[in-house]
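The values are calculated or read from the model by the stated rules, or taken from the named source; none is laboratory data. For clarity, every value in this text was computed on a predicted model and none was experimentally measured. Don't worry about glycine lacking a Cβ; one is built from the backbone with ideal geometry, like all the others, and counts go over all protein chains shown.
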Amino acid sequence: MAEDSSGLSRSVEDYLKAIYALSELGDAASTSSIAQALDVQPASVTGMIKRLAESGYLTHVPYRGVRLTGAGTREALRILRRHRIIETYLTERLGYPWEGVHPEAERLEHAASDQLIERMAAALENPSHDPHGAPIPTPTGEIEPTDSLTLSELAPGEEAQVRAVRDDDMEGLLAVEAAGLIPGARIRVLARTRTPPAMKVEVQGSPGPGLDVAVEVARRVFVVLLPPEMRDGGERG
């Protein structure tokens with residue numbers, strides 16, 4: 001397979017990025033979760049895990065899965081930076097819709113040179129977040145810490161601000177955009193229903209009594225709870 005200046009194949013890069021995403025909150029990544037994330041057979045994952053462990057990129061956690069080593073994390077963040085810079089460039093400079101840039105970035109992140117990525121970043125004035133609100137790692141491998149709270153976990157009455165949305169599904173992105181659940185939006189949960197599983201959400205500045213958001217969609221929206229002094233501030237539609 002073709003290799004970039006790092007010497008890693010596309011397959012290895014995809015595995016490192018997937019394992020990073022799965023273990024971002026500190027948990028080990030299981031073989032089954034990696035297989036699902038990459039849409040490959042568990043037997044293929046087992047072979048790659050052995051290869052990556054021998055190369056010093058990950059370590060086994062008994063009965064739980066694998067976790068990236070320092071070297072593996074550095075490579076994963078390098079790949080993640082490439083992906084998110086490309087997404088930002090395609091959106092801001094080439095007019096790509098935010099729901100369509102992920103598959104393009106998936107292809108280009110393995111082909112673009114480091115020099116091209118940094119020129120893109122400079123042209124964009126070194127953005128800190130991609131179009132979907134996710135933090136972009138710095139060239140030195142630092143990344144803004146994030147939490148795991150999603151809209152689906154909020155209770156009625158809680159208020160939050162949308163931090164980011166998952167970017168790996170075009171239909172999901174179209175759904176959250178249609179609901180106004182874009183990065184920066186302030187929201188309040190009005191109610192929850194079990195059948196069908198949904199939430200009624202008020203988006204600041206939007207008209208009407210609130211939006212019905214399927215829980216499946218709400219799971220794609222990452223939020224930050226607002227502190228008490230910021231709640232109920234500003235005019236709501």
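With respect to GLY157, is the statement that it is touching a residue at least 24 places away in the same chain (Cβ under 8 Å) and within 30 Å of GLU106 (Cα to Cα) true?
When the stated conditions are applied, GLY157 does not pass them.
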*Of (1) assigned to a helix (DSSP H, G or I); (2) within 15 Å of ALA21 (Cβ to Cβ); (3) touching a strand residue (DSSP E or B) at 6+ places or on another chain (Cβ under 7 Å), GLU75 satisfies all except one. Which?*
(3)
*Please state which of the following conditions GLU75 fails to meet, knowing it meets all the rest: (1) more than 23 Å from LEU108 (Cα to Cα); (2) in contact with a Phe, Trp or Tyr (Cβ under 9 Å, 6 or more places away or on another chain); (3) among the charged types (D, E, K, R).*
(1)
*Any idea which of (1) of a type outside the set (Val, Ile, Thr); (2) touching a Leu at 6+ places or on another chain (Cβ under 9 Å); (3) exposed (fewer than 14 other Cβ atoms within 10 Å of the Cβ) is the one GLN41 doesn't satisfy?*
(2)
*Breaking point among (1) assigned to a strand (DSSP E or B); (2) in contact with an Asp or Glu (Cβ under 8 Å, 6 or more places away or on another chain), for ARG67*: (2)
*Do we have VAL189 as over 25 Å from ARG93 (Cα atoms) and not assigned by TED's automatic domain parsing to the domain that holds ASP14 here?*
yes
*Output the residue which, of all residues in the stretch 66-89 that are over 17 Å from the mean Cα position of the chain (by Cα) and among the hydrophobic types (A, V, I, L, M, F, W, C), is surrounded by the fewest Cβ atoms within 10 Å (Cβ to Cβ).*
ALA71
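Matching residues to (1) in contact with a Ser or Thr (Cβ under 7 Å, 6 or more places away or on another chain); (2) in the same structural domain as ARG82 (by TED's automatic domain parsing); (3) at pLDDT 95 or above; (4) closer than 17 Å to ARG82 by Cβ:
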| residue | (1), (2), (3), (4) |
| --- | --- |
| GLU3 | yes, yes, no, yes |
| SER9 | no, yes, no, yes |
| TYR15 | no, yes, yes, yes |
| ILE19 | no, yes, yes, yes |
| SER23 | no, yes, no, no |
| ALA28 | no, yes, no, no |
| ALA37 | no, yes, no, no |
| PRO42 | yes, yes, no, no |
*So which pairs qualify, if the first residue must be in the stretch 1-26 and over 21 Å from ASP39 (Cα atoms), the second must be at pLDDT 90 or above, the Cβ gap must be under 6 Å, and the two must be at least 6 apart or on different chains?*
GLU3/SER9; SER5/ASP114
_Can you pull out every residue in the stretch 5-19 that is in a helix (DSSP H, G or I) and crowded, with 20+ Cβ neighbours inside 10 Å?_
VAL12, GLU13, TYR15, LEU16, LYS17, ALA18, ILE19
*In the stretch 155-174, which residues are hydrophobic (A, V, I, L, M, F, W, C) and either under 16 Å from the mean Cα position of the chain (by Cα) or in the same structural domain as LEU25 (by TED's automatic domain parsing) (or both)?*
VAL162, ALA164, VAL165, MET170, LEU173, LEU174
